[in-house]
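Before any comments, here is the structure.
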Amino acid sequence: MGQSVSSEQEKASWHGSKVRMISCIKDDNGKTVDLKSEHPIRDRQDVEVLILDHFYKAFVDVNSLELQVAQEIVEPIVGIFHKFMKDHEEPNQPRIIGDAPLKSGSVEEQLKVLHPDEFDFMFPIALPSGMGQSFKFCHSEPDLPQTSFGFGMIQIQDKGNERFVSKFVENQYLLPDKLKDWFKSKTQKAMEFVEKNKKDIFRSINVKNLVQINPGDIIIKMAEIGAGVCLTIKYDIGINTVHQIPGKEKNIFSYSVDLIPAIQVEASDIYLIPKSFKSELHHNSKVKKTYLWRLSFSLYEMSLIRFLGQRMQLSCHTKCLKILKALRDLDTKNNPSSQLSSVLTSYHLKTMLLHIMVKDKFSVEKWKGSLLVDRIKELLEFMQKATKERRLENVLFSYELNSIPFDGKPLQKHLKIPDWAIAKKQPQAINLFSENFIDHNSLDQVRARVKEIQEQWLNVIHKHVAPLYLEITP
């Protein structure tokens, strides 16, 4: 009779060994590359967990060196834009303020997946000196519909600056589109300055893992986006000085960098950004849709992610979210017509995760690492339900935030979110899947794909990692 694979003798021979998993895939240039991961050998190996861990280590998690290179290129360039725009203040115009732009987004939250190729910065804006402002929020205005919740208005109190008022204000309300146009113009002037002086500017940028930057190898382009502008920064260093980064043999780095003008609301970390209101207000409303600014909770979201990371250090919640983000981003490889990545944003997925964690009152036991597979299934189930019902409420605006105890006080108090920013009751909730935030036809198409992934998620992951080989290493 053959010897059992679980015999004591064979177990002893495996002691200290590892399973090496290798996916042989083609990169964007058509070249075959090996993506590897190593895992400790256990008496009983759950294949489902093993494939999932390999997918996370070899595909999902961002290479630390690649992230460092990205930050050392992007952040100084954005800093130069901010300094130029701040230093070149003009009379009767808004002003760029602050010592530096505010970082936000997945890179800053340590939730980026695949490649660090997208960055987000907010540029704080102030009115000309001597002008006052006050804020109104749609969820506090009795005559505004629920579809407008999540938006607000900026009322100008001082009409003394007629040149500013004539260009940026209507009926005492600061116009978001006018400010966005001004910001685009300021960014364009900064672009021209950088292009004219890039020989001196880029030589001062120190990227530890690259040879000295050749200014002629950096190309920056600008495009308008919903709430601001996007810089595309492309850098080709020509020779292989970053051979440690998988799939970077050609060393062409390309980054999308969103620059968003933002006006701080009083003394909070909530900002108003000039993102358009899509729906129509009722005809007898005293407020026009062109007066409305989108509320941004991004800095509070970062605070919440950091807070949970500190209090739930052994939790698998970030790993779970990053795996779902990667499945979304990679979906076009298996389904070229998929709209997952263009319709469901990282913000949507993060909100879904937080809803589940809020419901469980951030249970450490439920989110321990051994239950990762269960939590992924639960998040996919929530995603299917939310897309089907076209309802996904903003967690940070939720009235529940003030009722969740954490170390003896409500979560809202830990995060220092002001009372006015919290819904007082359920009907005030902000639905991120309302037609004002998302196209319902696209959402319906996404729902069908989400259902397919939910029903066969492991097969979907296996398609990404195949062909897959195993080795036992000493």
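The values are calculated or read from the model by the stated rules, or taken from the named source; none is laboratory data. The shown structure was predicted, so the numbers you read here are calculated from the model rather than taken from an experiment. Reconstructed Cβ throughout: ideal geometry from the backbone, glycine too, with neighbour counts over all protein chains shown. Please note that ligands, DNA and RNA were not included when accessible areas were found on the heavy atoms of the full protein model with its side chains. Shrake-Rupley method; radii C 1.70, N 1.55, O 1.52, S 1.80 Å.
Things worth noting here:
- Take the Cα radius of gyration of region 100-203 and divide it by 2.2 N^0.38 Å, N being the number of residues; the result is 1.44.
- Ignoring lysines fewer than eight residues from LYS409 along the same chain, the ones with Cα atoms less than 16 angstrom from its Cα are LYS361.
- Principal axis box of region 325-474, alpha-carbon based, largest edge first, Å: 54, 47, 21
- Highest average packing first - 71-82, 362-373, Cβ atoms within 10 Å: 71-82, 362-373
- For the chain, the relative contact order comes to 17 percent (Cα pairs under 8 Å, sequence separation of at least 6).
- Where the Cα pairs of region 144-192 fall when distances are cut into 10 Å bins, in %: 22, 38, 30, 9, 1
- Amide H contacts of TYR173 (H built 1.01 Å from N, under 5 Å, at least 5 apart or other chain): ILE156
- Value of [θ]222 nm, deg cm²/dmol, for the chain, DSSP H segments ≥ 4, -39500 (n - 2.57) each, nearest 500: -12000 deg cm²/dmol
- Mean separation of Cα contacts under 8 Å (6+ apart) over length of region 347-474, as relative contact order %: 27
- Region 75-234, accessible area per residue, ligands and nucleic acids excluded (1.4 Å, Å²): 48
- Averaging the Cα positions of each part gives two centres, and for region 450-466 and region 302-357 these lie 16 Å apart.
- Kirkwood Rh and Cα Rg combined as Rg/Rh, region 339-405: 0.98
- Protection proxy ranking of 258-265, 58-65, by the mean of other Cβ atoms within 10 Å over each peptide's residues and highest first, is 258-265, 58-65.
- Nonpolar atom fraction for region 251-404, defined as the carbon and sulfur part of the 1.4 Å probe accessible area, stands at 49 percent.
- Partner lysines whose Cα lies under 24 Å from the Cα of LYS31, excluding those fewer than 8 positions away in the same chain, are identified as LYS57, LYS234, LYS248, LYS250, LYS333, LYS463.
- Gain in span if fully extended, ASP46 to GLU192, counting 0.36 nm per residue against the direct Cα distance: 46.9 nm
- Unit charges on C-beta of K, R, D, E only; dipole of the chain, Debye: 420
- Between the listed residues LEU349, ASN431, PHE135, the Cα displaced farthest toward the positive end of the dipole of the chain, a dipole computed from Cβ unit charges relative to the Cα centre, is found at PHE135.
- Distance between region 122-164 and region 40-89 - C-alpha centres, whole angstrom: 37
- LYS18-HIS88 FRET efficiency (beta carbon distance; Förster radius 56 Å; 0.05 resolution): 0.45
- Straight Cα distances below 14 angstrom link LYS359 to the aspartates and glutamates GLU378, GLU393, GLU400, with same-chain residues fewer than 8 positions distant left out.
- Counting every pair of alpha carbons in region 61-147, the share spaced more than 15 Å apart comes to 69 percent.
- Shown here for region 383-474: GluC sites (Glu not before Pro) in loop regions (DSSP other than H, G, I, E, B) with at most 14 other Cβ atoms within 10 Å, namely GLU435.
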